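**Q** Take a look at this one; I'll ask things after.
The values are calculated or read from the model by the stated rules, or taken from the named source; none is laboratory data. All figures in this text were calculated on a predicted structure; none of them were measured in a lab. Note that each Cβ is placed from the backbone with ideal geometry, even for glycine, and that neighbours are counted across all protein chains shown. Accessible surface areas use protein heavy atoms only, side chains included; no ligands, DNA or RNA. Shrake-Rupley method; radii C 1.70, N 1.55, O 1.52, S 1.80 Å.
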Amino acid sequence: MAFSDVNLTRARDIVARYPRPKSAILPLAHLAQDQDGWLTAEAMEEIAVLTGVTPAEVQGTCSFYTMFKRRPCGSLLVSVCTNVTCLVTGGPAILRHLTERYGDDDDVTVEEVECLAACGGAPALQVNYEYHEQLTPEIAEALVDDYKAGRRTPRTISGAQR
Amino acid sequence: MAVTETRIVTNRLREFTEDSWTIDRYLATGGYDMLRQALTMQPVQIQDEQVKASGLRGRGGAGFGTGQKWSFLPKGIYPRYLAVNGDEGEPSTFKDHMLIERDPHQIIEGVVISAFAIEAHIAFIYVRGEFALGIERLEQAVADAYAKGFIGKNILGSGFDLEVVVHRGAGAYIAGDETGLLSSLEGERAMPRIKPPFPAVQGLYAKPTVVNNVETMSTVPHILRMGGEEYAKLGVGRSTGTRIFSVSGHVARPGNYEVELGITFRQLIDELAGGVRGGKQMKFFIPGGASAPWLMPEHLDAPLDMDYVGSELKTMLGSGAIMVFDEDTNPALIAWRLLKFFAHESCGKCTPCREGSMWLEKVLFRISHGLGRPQDLDMMLSFGSTIVPGLNAPFSQTTICAMGPSTMSAVVSLDRFFREEILEMCNAGAARPTIPVTSA
Amino acid sequence: MTDVNDVPKVERPPGVPMSQWPSAYEYVLPTGAPGTVTLTIDGREVKAQTGDLLIKVAQDHGTYIPRFCYHERMKPVGMCRMCLVEVEGMRGMQISCATVVADGMVVHTQSDAARQAQDGVLELLLINHPLDCPVCDRGGECPLQDTTLAFGPGESRFVEEKRHWEKPIPISELVLLDRERCIQCGRCTRFADEIAGDALIAFGSRGAHTEVITFPGDPFTSYFSGNTVQICPVGALTATPYRFRARPWDLSAVETSCTTCSVHCRGALESSSNRLVRLLGVDSEPVNHGWLCDKGRFGYEVVHSEDRVRHPMVRKNGELVECSWPEALDVAAEGLKRALELNGPKSVALLGGARGTNEDAYVWARFAKGVVGTDNVDAQLGDGIPAEVALGLPEATIADLDRAAAIVVVGLDLKEEVPVLYLRVKRAAEELGVPLIELAPRDQGLTRYASTSIRSLPGEQGETARRLADALGGARGTDAGADAAAALLEGRAGDIVVVLGRGDLAESAASTVRAATELARLPQARFIVALRRGNVRGAMDLGLAPGFLPGRVTLDAGREWFGHAWGSVPATVGLDAEGILRAAEQGRIHALMLLGTDPHDDCPDHALAEGALNAAGFTIAIDAFVTDSTKRADVFLPVTMWGEKAGSVTNLEGRVQRVGQKVSPDGTAMPDWRIAAELALRLGVDFDLEQPEEVQDEIARVAPAYTGIDSTLLRRARDGAVAPVADHRDELVLGPVSIPLTDARWEPIRPGLDAVELEDAKTANDEADALRADRLTSVAQSAGAPPAPALHRFTGGVTDTAPPARDAYALRLVTGRTLYDGGITVAASDSLSELVADPVLLISPQDRDRIGVEDGAEVRVTSARGSLTLAVRADAAIGTGTAYLPFNLPGSGVSDLVDLSTAVTDLRVESLS
């Protein structure tokens, strides 16, 4: 799906911020992902038009960055850090637990990520880029369930405020 | 006498935890006063008499003199750009995260002053994409600063114009490299570029560009407030001022501590961060982020002095992240996890880093999971010499950016401090990770 | 070594070293002041120019530093790290591909550290490489193999699982990608982006998972895609036409020129078992920089087409049936004699000749004009530029584009017609900063690189050119577009190079002639006449044009000279193609020779061609294929094709280069020129020509513009010779001056593959001087010969007529050539024929909305001449009030709409829904 009218206007504003349109690829991809829940091929084609490059270049750029999901993912993206500080404080156990718990749940995508810069509160994870720290597998599961049940309001898939 | 923090950059966010990021709080605590003052000065005055005189060195990791970096801008070539590096991704570093979330105006004030000093009219603040709340607050702060006339056309009637663009990253450690960041800002894959040309000469859009870290920018208003020479009195030797150290791992009180440079690792780790938790002994610590070669308990009395740590301890203070590991830690497992990180984050441009990090990761996985072979450690050191010729500190490199040599820090450290343990592990073929691991 | 404060110049002068070319990232490597530097490489002192790259300097002085990502024609990127060397005083190892030489630099390429780094990088490159060399196209000529042998470790210590990918995957109809073999050097992606401007491939993902990608549904359809296969340093990219066809050690090569279009890119033509299997680009500095377009690269398939005519045929009982050569030649000669006897030489005409060699053109011209006595001879088909203009304008060379004050492109779409010239103009504009002024009826290939684009409606080109010429000449203020163009020249010295062609075949040639006339008024204007047909320039140069004799002299000027050389020449100027076709239509052509030409499909006015072919008398086809035109012949004389015959050709800048023979024909086909000689013999004249070299020597003796360009010079001149050689003496390079250090096919292949091997450069230079001196004085003055005629000069004076007003409901037709068209090269090549697009009428979005049709809808298109039905689509590249339809695309039928006698073609477009 291409940009909605509102987002197309925003997209053009974003392009105008930069001395060169190509610089807008990352922010436009975030915008598209927020709109669609993932980064679709149609969005990349439209970004190519807006930034004056080829779709292959847009894909080349976007596929470099881990935040862009190029296939559909759950509406809740749970990013669990297992880098060294979280490794020695229990991150892998949280990852394993959540992966098993939500393995069959299409709404929840659990991913392993690199250091989230929250080591002071390790182990840490993000739900749609909202930080949660000092967790155990049980607390983490309760947290995700809170989001699922609507007791917490998640950010968008790219982390913008809804 | 117990050491305490010296809170300069972190003072506001520690004092006013409820609203330190708002413009009201910022203005109520003297915010933007230094900007007013700066705009009455000559740019060259700020450069020389303040920033250069302060001895400020970049807080991103490389520790290059900020004033010196500014002075490399070629005369008479415009436009110039200021790019601010808030793509904090070095494992166990979380100071910029805090500064962006909790004191964004301080960054902006530093940015406007610096842009004025280097005669740039567009500044880009590149923020790590995962910092959702930080970006939200920084964007709000930029909007508020525009509204108050601290950014925009004719700032505070000075005739100086500056646009500030918050640019959101999207998940790539290497975008935190100086030229990787510029590639990313240009909408490219965040691949570092060959140097020369250096960014100061041909940076963003091939125009003269200064790339400075968020903490560096946050320090600039304080240098003006204190005076460059006064600021330089803090610290030790060429490591002037304060730095924020992120202490994490097996310590009782992990967190960010802003201290005057020159105190010892022991003071920072034991007195401020509460020492190793659970009454255990320290096995080793990493002094400057994942890229830094490791240190042992016998090094704890060394000062936090960039030059000393480099020349005497053959490692670096890097991004100011100190990771502490207790006696039960399997060093091979830590090394493997760091290499897993580097293999994941290698941009793929230079062969030694792209292939080398992948190979190191595979071998370290085997070793740390009980499948090591006796020759593995020496083999890693051997092919690792392609990444770091000679393996001697300071590391030389065969790659464009410093990520190449970073991949060898852990391996060299294993060899330096844990050779017997690793060989035993490999020989026994029965090593077991002391911490459960799920991923490979 | 390098001062960070050393600011590169903002202006990039022509001829800048590669370190100064902007890359995708636009930066240039810092260098010191221009001049010469002295450095030491492995103990030897060498001199170099400021700004040169160390890797190139070392190579030029005999030291080959291994490399994968570096390519001489592309900006260094420093990816593979294979070229690491030690430079004294610099910390660590340096990549020689991005190190700019400096005075006093001391370099070690073979020190222990350097060897260790090379060895180590190779080991790392190989850990994920599949080592499937026995089944890889590259095996046997693989840089990774070769470099490993020369510089690498003996064995691998890697015991882990290698990286796996699905393989191979097609990234276009012509190119397959094997990601396991890829070593991520970025040569292909950089070529696509920087050189071709078609960034349809890119790197995706990162780290060890980096892969070359295309966007889903958007394959690598670049016209230049085959170059990526050639420069790939492993077997990651393979070409479907070559894949598994041969092993490198079974191949033999001959250096040749590609004659698919008139640029004549140099190439190495390779065969195995008497089959052509590959054409590789040879790096000729003045011509193609090593690049080929895909049509040229893969067009060799036409040679082995099943449809080739292998034996002569004569018409018996209404059918063409095979016969012997003597019978066929006798029938042809008899037919000509009969026409001559009954109706005289003016009843005989020759069309074509642009597909052959210079030898073919010359001998056929001598036959037609010197033996038959007719001047009704034309290598073009009413779709070109009259010889009077094409042969008489002040000329520029391709290399002049690099140093021009400005480039003016008039009319044609270079990307579609002369693709590698497009690359050269793009480079001049984009990298060398030469202002590019485009004058065209629509947005086309070069538009995105143009400094300014001036649009003109069909028929108004001459008038637009006048305003441009006025502005460039200093008279400003009447036309904003022209003024903007003129402003680009401020502060720039040098020539204005005009690339002149036919952008619209529905518009009368007079319009182009008028544009040439106007621009030729500028004293600094020099021209490249860009006509597409392979050797159209050679054909015109050597007399296959009405009113001209070989060597760019007019019939009148050369009458005495050629009368002496040949015995006789036609009395009066004959008809051009349009005239010949009209005369034929009216029954006044009693013998028609079709020399490798297909008026039925290739003349813009189909009705005229059809009528002419039907009404022509005795018709002789000299061709390799039965086409819609030659199927009507009374006698069919099969000819050898490119790759099957040796000779020389002349490209659009007047450069004469050799074409080589690599295979022998399957059948009894003969070179065209031999057929002319045989016919001449039957008409009582013995040309006494047995070998192509003899023809070359005769051309050098009698064709004034070709004086001195004899078989010896052609064999020795590395880059050929630009005619007239006296004006281009300094450009002659004789013998292989730089001996290639490697014969690796992925490196730029140096010209001079089969040039005479010389002992050393000194001998080469001595001989070169002698030969040069010789050429300057060698106007062959045999006793009693008249003075040599002056070369023709175009003096202008041709005017076009103002086009009729366009009524508000009509659209003015623009039809231009497209690369993959209905021509025989494409149609008879298995790989290329797949690439032909369906014809679509393109109109502006405004006109689409006015007419009220959807994209893709069928419309009826009607001109005064005819009508047809086809799909329509809106395209912003098309100007309002015009409609674009590709020329000679199967099914487009555009020639049904065009009347050669009118200035423009107006269309009505009606919705059928």
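**Q** Which percent, to the nearest 5, of DSSP beta bridges fully inside chain C are antiparallel?
**A** 55
**Q** Take the alpha carbon atoms of region C:805-819, find their center, do the same for region C:610-682, and report the distance between the two centers in whole angstrom.
**A** 34
**Q** Here is a further query. With a 1.4 Å probe and every protein chain left in place, tell me how much accessible area C:ARG179 has, in Å² to the nearest 10.
**A** The accessible area comes out at roughly 30 Å².
**Q** Additional query: Quick one: grab the alpha carbon gyration tensor of region B:43-186, order the square roots of its eigenvalues as a ≥ b ≥ c, and give me rounded if a/c is under 1.5, else prolate or oblate depending on whether a/b is larger than b/c.
**A** Because a/c hits 1.5 or more and a/b fails to exceed b/c, region B:43-186 counts as oblate.
**Q** Over chain C, what is the relative contact order in whole percent, taking alpha-carbon pairs under 8 Å and six or more residues apart?
**A** Reported as a whole number, the value is 13 percent.
**Q** From the mean inverse distance of alpha carbon pairs (Kirkwood) and the Cα radius of gyration, derive Rg over Rh for region C:164-270.
**A** Here Rg/Rh amounts to 0.99.
**Q** A further question on this structure: Ordering C:TYR809, A:TYR18 by accessible area with a probe of 1.4 Å, largest first, what comes out?
**A** C:TYR809, A:TYR18
**Q** Find the Rg to Rh ratio for chain C, where Rh is the Kirkwood radius over alpha-carbon pairs and Rg uses the same atoms.
**A** Ratio of gyration radius to Kirkwood radius for chain C: 0.97.
**Q** Using r as the Cβ-Cβ distance of B:THR40 and C:ASP60, and R0 as 56 Å, what FRET efficiency do you calculate, to the nearest 0.05?
**A** Computed FRET efficiency for B:THR40 and C:ASP60: 0.45.
**Q** Would you please state which residues of region B:115-159 a label at A:ALA16 would reach in this model, taking the label point 7 Å out along Cα→Cβ and a backbone N cut-off of under 15 Å?
**A** Backbone N within reach: none found.
**Q** Which of the listed residues, B:PRO192, C:ILE213, C:LEU581, is farthest toward the dipole's positive end in the protein assembly as shown, when Lys, Arg count +1 and Asp, Glu count -1 at the beta-carbon?
**A** Of B:PRO192, C:ILE213, C:LEU581, it is B:PRO192.
**Q** Just to verify a number: what accessible area does C:LYS337 come out at with the full protein assembly present, 1.4 Å probe, Å² rounded to tens?
**A** Answer for C:LYS337: close to 60 Å² accessible.
**Q** List the lysines whose Cα sits under 16 Å from the Cα of C:LYS369, skipping any in the same chain fewer than 8 residues away.
**A** Result set, ordered by chain and number: C:LYS337, C:LYS346.
**Q** Quick check: Cα centre of region C:569-609 to Cα centre of region C:197-219, how many Å?
**A** 51
**Q** Using only the heavy atoms of the protein chains and a 1.4 Å probe, how would C:MET670, C:MET593 rank by accessible area, largest first?
**A** Most to least solvent-accessible, the answer reads C:MET670, C:MET593.
**Q** Right, something else. In chain C, with Lys and Arg counted as +1 and Asp and Glu as -1 at Cβ, which of these residues, C:VAL536, C:SER324, C:SER271, has the Cα nearest the positive end of the dipole, that is, farthest along it?
**A** Farthest along the dipole direction, towards plus: C:VAL536.
**Q** Separate question: Just the ratio, please: alpha-carbon radius of gyration of region A:76-149 over 2.2 N^0.38 Å, N its number of residues.
**A** 0.95
**Q** If you roll a 1.4 angstrom probe over the protein chains with everything in place, what fraction of the accessible area of region A:76-149 belongs to carbon and sulfur, to the nearest %?
**A** Answer for region A:76-149: carbon and sulfur cover 44 percent of the accessible area.
**Q** In peptide B:337-349, how many Cβ atoms from other protein chains are near each Cβ within 10 Å, on average?
**A** Mean partner-chain Cβ count within 10 Å for B:337-349: 6.
**Q** Which Cys residues of chain A have no other Cys Cβ less than 4.7 Å away and so no disulfide-compatible partner by this rule?
**A** Lone cysteines by the Cβ rule: A:CYS62, A:CYS73, A:CYS115, A:CYS119.
**Q** What Kirkwood Rh does the protein assembly as shown have if only Cα atoms enter the pairwise 1/r average? Answer in Å.
**A** So the Kirkwood estimate lands at 35.6 Å.
**Q** Oh, and also: Percent relative contact order of chain A, based on C-alpha pairs within less than 8 angstrom and at least six residues apart? The partial results should precede the final answer.
**A** On the way: 262 pairs, mean separation 32.6, N = 162.
Reported as a whole number, the value is 20 percent.
**Q** Same structure, new question: From the C-alpha coordinates alone, can you work out the Kirkwood hydrodynamic radius of region A:39-162, in Å?
**A** 15.4
**Q** Here is a further query. What is the ratio of the Cα radius of gyration of region B:327-390 to 2.2 N^0.38 Å, with N the residue count, to two decimals?
**A** The value comes to 1.11.
**Q** Which value results for Rg/Rh of region A:5-64 when Rg is the Cα radius of gyration and Rh the Kirkwood radius based on the inverse mean 1/r?
**A** Ratio of gyration radius to Kirkwood radius: 0.92.
**Q** Mind ranking B:GLU345, B:GLU421 by accessible surface for me, highest first, 1.4 Å probe? The partial results should precede the final answer.
**A** Details: B:GLU345 15, B:GLU421 65 Å².
So, going from the largest accessible area down, we get B:GLU421, B:GLU345.
**Q** Continuing with this model, one more query. Under the √(5λ) rule applied to the eigenvalues of the Cα gyration tensor, what semi-axes describe the equivalent ellipsoid of region C:824-891? Give them in Å, descending.
**A** Equivalent-ellipsoid dimensions as semi-axes: 26, 14, 11 Å.
**Q** Which value, to two decimals, describes the C-alpha radius of gyration of region C:388-530 once divided by 2.2 N^0.38 Å?
**A** Against the empirical 2.2 N^0.38 Å value, I get 0.92 for region C:388-530.
**Q** Then there is this: Rounded to a whole number, what % of the accessible area of region B:320-440 do carbon and sulfur atoms account for, probe 1.4 Å?
**A** Numbers: 1800 of 3370 Å².
Carbon and sulfur atoms account for 54 percent of the accessible area of region B:320-440.
**Q** How crowded by other chains is C:78-90, given as the mean number of beta carbons from other chains within 10 Å of each beta carbon?
**A** 3
**Q** Could you size up the charge dipole of chain C around its Cα centre, putting +1 on the beta carbon of Lys and Arg and -1 on that of Asp and Glu, and report it in debye to the nearest 20?
**A** My answer is approximately 540 debye.
**Q** May I pose another question? Of the cross-linked pairs B:LYS75/C:LYS75; C:LYS631/C:LYS662; B:LYS280/C:LYS162; B:LYS69/C:LYS47; B:LYS314/B:LYS340, which ones have a Cα-Cα span greater than 31 Å in the structure shown?
**A** Checking Cα-Cα distances, B:LYS280/C:LYS162; B:LYS69/C:LYS47 exceed 31 Å.
**Q** Can you tell me the convex hull volume per residue for region B:8-92, based on C-alpha atoms, in Å³ to the nearest whole number?
**A** Measuring per residue, one finds 153 Å³ for the Cα hull of region B:8-92.
**Q** So, one more: Accessible area per residue of region A:76-149 at 1.4 Å probe, in Å²?
**A** 32
**Q** Relative to the Cα centre, what is the charge dipole magnitude of the protein assembly as shown, using +1 at the beta carbon of each Lys and Arg, -1 at the beta carbon of each Asp and Glu, and rounding to the nearest 20 debye? Numbers along the way, then the final one.
**A** Details: 147 positive and 201 negative charges, 321 e Å.
Computed charge dipole of the protein assembly as shown: roughly 1540 debye.
**Q** Once Rh is set to the Kirkwood radius over Cα pairs, what Stokes-Einstein translational diffusion coefficient, in µm²/s, holds for region C:258-315 at a temperature of 10 °C and a viscosity of 1.306 mPa s?
**A** 125
**Q** How big is the shadow of the Cα convex hull of chain B, averaged over all directions, in nm²?
**A** Its average projected convex-hull area is 20.2 nm².
**Q** I've got another one for you. If you count the DSSP beta bridges with both ends in the protein assembly as shown, what percent of them are antiparallel, to the nearest 5?
**A** 55
**Q** Treating only the Cβ of Lys, Arg, Asp and Glu as charged (+1, +1, -1, -1), what charge dipole size does region C:170-305 show about its Cα centre? Round to the nearest 20 debye. Before the final figure, lay out the partial values.
**A** Working: 13 positive and 15 negative charges, 61 e Å.
Using Cβ point charges on Lys, Arg, Asp and Glu, region C:170-305 gives about 300 debye.
**Q** So, one more: Among the aspartates and glutamates, which have Cα under 15 Å from the Cα of C:LYS167 when same-chain residues fewer than 8 positions away are ignored?
**A** C:ASP132, C:ASP137, C:ASP178, C:GLU180, C:GLU211
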